[in-house]
Every structure is written in C-alpha cells, then in structure tokens.
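The values are calculated or read from the model by the stated rules, or taken from the named source; none is laboratory data. Not measured: the values here are computed from a predicted model. So basically every Cβ, Gly included, is an ideal-geometry build from the backbone, and we count neighbours across all protein chains shown.
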Amino acid sequence: FGLKTITSNCPKLQHLSLSGCMGIDGEGFGVLAQNCPSLVSLQLSGCRQIKPWAATIIFGNCKLMQSLDISFCMVTDEAMKVLADCAPDLKQLNLRDCNLISDIGISYISQGCPSLSELNLQRSDMPFKITDVALLQLGQACKYLVSINLHGCKMISDTGLSWLSGWSKE
C-alpha cells in the first residue's frame, strides 16, 4: 500500500532506492513498475523477497533505466533477457551475489545493453555460473565497459580476461 501511494503520487519519479526494504512484497514491486515508467535509477539491493515474475515486470516497464542495483536479489537469466530487451541505455548494473544469473544472462545483457560501462558480478556462492564465456560476450559487445568486478568468479581465466579486453592469440 505504501509503495502504491508513493508511486501513484510521484509518476515522474526518476531515482528510487529501496535497498534493504524487506517489508515490500511482490505485489508492491509490480505497482512500482506500473506507476514509475520514468525510472532512470533503481536500487533494490538486498530485497531477496522480489520474485522472478516481479523482477520481470519491473524490467519490462522501465525502458529509461540507466542504473540498476539488484545485488543479493533472486533474479534469473530470464529477467536479464527482459532487462536487456527493454533497457538499451543501461550503463551501470550491480549483480553482486545474484547467484541464479549465469553466462546466459550476461550474454543477454551484453547483446541488449551495449552502453554498459560498469558491471559487478562479484560472487561468494555459485562461482561456476560465470565463466570466460561471459567475458567473451562482454568483450565483443560492450565497448564502453570501464569497470567490472569479478571477485569470486572462480571459473574466470587468463583467456577470458584477454577476450574481455578484445585481445586474443591467433
């Protein structure tokens, strides 16, 4: 109810941080997506109660999104596909400890968000889901990438880093 009230009365809201707000449920996040299409920056770090369907709705309706922090959230590769399809101007993305996201989700992001300049993929669990394949995709498509955090991504090698930089042995 609270989020519905705020978003209904502030339809031009561009920046919103709900990081750590554990009292908002999936329905509340759905209202956010419907009422705030002008969001440019959204921080949902630690909102583990966001269901995959709610994340998909949010990402599908926020076409102006440039900065998104969904660290520690239970989002999926499918949600990354929706985000990539709907937010082509995304520049900053924090996916720290989003353990359900794999190389597939990063591939969607790299293809759909070529303006990406900052990406956090830090892992403390499920490190095998991000590999050199993700770095190959990012290196080929995200030419503006200036900051990437790969801490804890144990499947990253020198080969992946060379692919990320655009250099490869031939």
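Selection of first residues in the stretch 114-132 that are under 26 Å from C86 (Cα atoms) and of second residues that are aromatic (F, W, Y) and part of a loop (DSSP other than H, G, I, E, B), restricted to Cβ pairs under 9 Å at least 6 apart or on distinct chains, gives the following pairs, ordered by first then second residue: P114/Y144; S115/Y144; L116/Y144; S117/Y144. Set side by side, the residues I58, I109, I101 differ, and just one is β-branched (V, I, T) and farther than 21 Å from L150 by Cα, which is I58. For the stretch 6-42, a residue qualifies if it is under 14 Å from the mean Cα position of the chain (by Cα) and crowded, with 19+ Cβ neighbours inside 10 Å, and exactly one does: L42. Looking only at the stretch 27-38, decide whether some residue is among the aromatic types (F, W, Y) and closer than 18 Å to G60 by Cβ. Among the residues of the stretch 27-38, at least one is among the aromatic types (F, W, Y) and closer than 18 Å to G60 by Cβ, which makes the answer yes.
For L121, state whether it is at pLDDT 95 or above, out of contact with any Phe, Trp or Tyr (no Cβ under 9 Å at 6 or more places or on another chain) and more than 27 Å from L13 (Cβ to Cβ). So L121 passes the test. Since G46 meets every condition but one in (1) under 14 Å from the mean Cα position of the chain (by Cα); (2) in a loop (DSSP other than H, G, I, E, B); (3) at negative phi, which condition does it not meet? Condition not satisfied by G46: (3).
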